[in-house]
Amino acid sequence: MDATTLGFADFRGNLQYISVGNLRQNDKAALFLMDYANRQRLKILARIEVRDAQEAPELIEKLAVADYQARIERAMVLHVEAFDWNCSQHITPKYTSDEIQILIAPLNERIEKLEAENKRLREQLDRL
């Protein structure tokens, strides 16, 4: 939202009010944002302000996700107090299925060529 404020829409549907209830007692939050593929972790320390959708329609409009039809019940506004890029030493790289498919594409192509060559050689042997 700005240099020290983040926000996201809380959508209706999962009936999980535990976090909102906890925030009434303690508005502190620590978020760990993981980038497994690049072995990076961002820790954000913030205070969270919960804004009801009916009380802040302009904010809700700002946080709405295009082409997502779920109803927004509230906005979560995070007032960032500190952040830190943590050490990557113990972060195991992880990849999405799409990323893995891209990485192994050359191997799959090589296997296809070898299988075709194998088939051709077997056919030659059968003709002998």
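The values are calculated or read from the model by the stated rules, or taken from the named source; none is laboratory data. Values in this document were obtained by computation on a predicted structure and should not be read as measured data. Cβ placement follows ideal geometry from the backbone for every residue including glycine, while neighbour counts extend to all protein chains displayed. Remember, those area values only see protein heavy atoms, side chains included, never the ligands or the DNA or RNA. Shrake-Rupley method; radii C 1.70, N 1.55, O 1.52, S 1.80 Å.
The table below lists the values:
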quantity: Unique residue being at pLDDT 95 or above, under 28 Å from Met34 (Cβ atoms) and of a type outside the set (Ser, Thr, Tyr) when the list is His90, His79; calculated: His79
quantity: Odd one out for Phe8, checked against (1) hydrophobic (A, V, I, L, M, F, W, C); (2) out of contact with any helix residue (DSSP H, G or I) (no Cβ under 9 Å at 6 or more places or on another chain); (3) open to solvent by 90 Å² or more (accessible area, probe 1.4 Å); calculated: (2)
quantity: Answer residue from the range 25-39, given it is part of a strand (DSSP E or B) and within 14 Å of the chain's Cα centre (by Cα) and is farthest from Phe8 (Cα to Cα) among those; calculated: Asp35
quantity: Within the range 71-119, considering residues that are in a strand (DSSP E or B) and more than 30 Å from Ala53 (Cα to Cα), the one least open to solvent (accessible area, probe 1.4 Å); calculated: Asp84
quantity: Failed condition for Val65, given (1) closer than 19 Å to Thr5 by Cβ; (2) hydrophobic (A, V, I, L, M, F, W, C); (3) surrounded by 12 or more Cβ atoms within 10 Å (Cβ to Cβ); calculated: (3)
